[in-house]
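No lab work stands behind these numbers, since they all come straight from the coordinates. Note that this is a predicted model, so its numbers are computed, not measured. Ideal geometry is used to build each Cβ from the backbone, glycine not excepted, and the neighbour counts take in all protein chains shown.
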Amino acid sequence: MGEQRILLVEDDAPIRKMIGKYLQAQGYHVGIASDGVEALVLVGEHLPDLVLTDVNMPRMNGLELTRRLRGHHRTAQVPIIMLSALRESADVLKGYAEGADEYVPKPIELSVLAVKIESLLRRRAPADTPAKPPGRVTLFMHGRGGVGATTLAVNTGVAIAGLPMTTAGLLDLDLDYGDAAVLLNLKPARSLADLREVGDRPFDAELLEMFSSRHASGLVVVQGCDRPQRAELVTVPAVQRALEQMRANFDHVLVDLAANFSEQTLAAIDAADRACLVTPPTIPGLRATAHCLEVLEQIKYPASRIALVLNRARPGGLGLDQVSQFLRRDPDIAVMYSDALEDCAALGVPVVQVQPAGAAARELQAMAEFLAGARVAA
Ligand SMILES: Nc1ncnc2c1ncn2[C@@H]1O[C@H](COP(=O)(O)OP(=O)(O)O)[C@@H](O)[C@H]1O
Ligand SMILES: [Mg+2]
């Protein structure tokens, strides 16, 4: 392991110097900022392994800094230690409420600080012997709703779970209007919006079990949120931890996304091995897909990991060549319009199970085999 980076955020120059020197002597690489604003700039340049921040500072204090780090997909899980002379419990509690991991009172005892840093960094280190290689994460994205992303996610999920020796989980991250469970006629008892009720315990296999609903096909569904007014309760770290544990448990993890680029969506994109971008063969739909491709390019998601999925194709509608021309890339998979899919969705049953010999089921089965089998270039 290389040198670990600690970002020290403190407005008091003598204290800064004292802690900075001490940590360097301990072998850490130390970045220095004198308030939250400077700290965010440095974090943007180089992600630290741990942040050590004072509470009271000009421009942006440590509480606001913590809130911002926790709300951003890249920094949501960086350990944060707060340093403060404020001994009142109310301020300590505020720090923890914003997501700080530890609190060290001033005047600082350097040896105590060192032990806390070491233990937080150790906790973050990857577990030593994973039971199996991590599962592959496939996203189902769309530029706008109603194009069939959830339908494809659910049906390919059921089909993948039905492949020999293959396990699959589906995380529904459409936090406002998620309906993956509904399409499978499942009624999850909890969603990630309820995570705070279980307190500060790690998101391990046991916790995953509590948040899982199992479909008869073997597909396990984890619901992100149960109603739009609770979406803000689903934190970025919660999404990241749930995904990490799902990866540890299943061979394939499918993520049904909302048509947005929220921090929760970006967290899933960071973890994804591949993104199925679902597009309809309509001009407004293709425009939304083009915009989605633009954003993916801007955030440097490799084009080789995107599978363009044309859904609801119909004879007489826009053809494959027109779609290719519009998007300047060929669809990797095409799924035809099928009344069977509409009917099955209305009943909450997956078409791949109830009409396995039908045309729609065969197309979706092929898509599942493509997703489960094909390796993608890194
Ligand atoms: N290939 C298809 N043929 C016919 N209907 C489809 C097809 N794919 C999806 N649908 C229907 O389109 C509607 C929207 O699908 P849904 O999966 O909820 O979209 P999204 O998740 O993109 O918002 C549903 O009624 C679904 O049954
Ligand atoms: Mg959907």
(message) Treating only the Cβ of Lys, Arg, Asp and Glu as charged (+1, +1, -1, -1), what charge dipole size does the chain show about its Cα centre? Round to the nearest 20 debye.
(response) 360
(message) Can you tell me the mean projection area, over all orientations, of the convex hull of segment 5-124's alpha carbons? Units nm², please.
(response) 6.5
(request) Counting helices only, and only those DSSP H runs with n ≥ 4, report the 222 nm mean residue ellipticity of the chain as the sum of -39,500 (n - 2.57) divided by its residues, in deg cm²/dmol to the nearest 500. (result) -12500 deg cm²/dmol
(request) Let me have the relative contact order for segment 5-124, percent, based on Cα pairs under 8 Å that are six or more residues apart. (result) 22
(message) Using only the alpha-carbon atoms, how far is helix 236-249 inclined from the longest principal axis of the chain? Give it as 0 to 90 degrees, nearest 10.
(response) 60
(message) What is the sum of charges, Lys and Arg at +1 and Asp and Glu at -1, for the other residues whose Cβ falls under 15 Å from the Cβ of Asp49?
(response) +1
(request) Could you state the angle between the C-alpha long axis of helix 149-161 and the longest principal axis of the C-alpha atoms of the chain, as a value from 0 to 90 degrees rounded to the nearest 10? (result) 90
(request) Using DSSP to define loop residues, name the GluC sites (Glu not before Pro) in segment 76-182 whose beta-carbon has at most 14 other beta-carbon atoms within 10 Å. (result) Glu88, Glu109
(message) Can you tell me what share of the DSSP beta bridges in the chain is antiparallel? A percent to the nearest 5 is fine.
(response) 5
(message) Between Met165 and Lys187, what is the label-point separation in nm under the 7 Å Cα-to-beta-carbon projection?
(response) 3.9
(message) Can you tell me the orientation of helix 359-373 relative to the chain, as the angle in degrees between its alpha-carbon axis and the longest Cα principal axis, to the nearest 10?
(response) 40
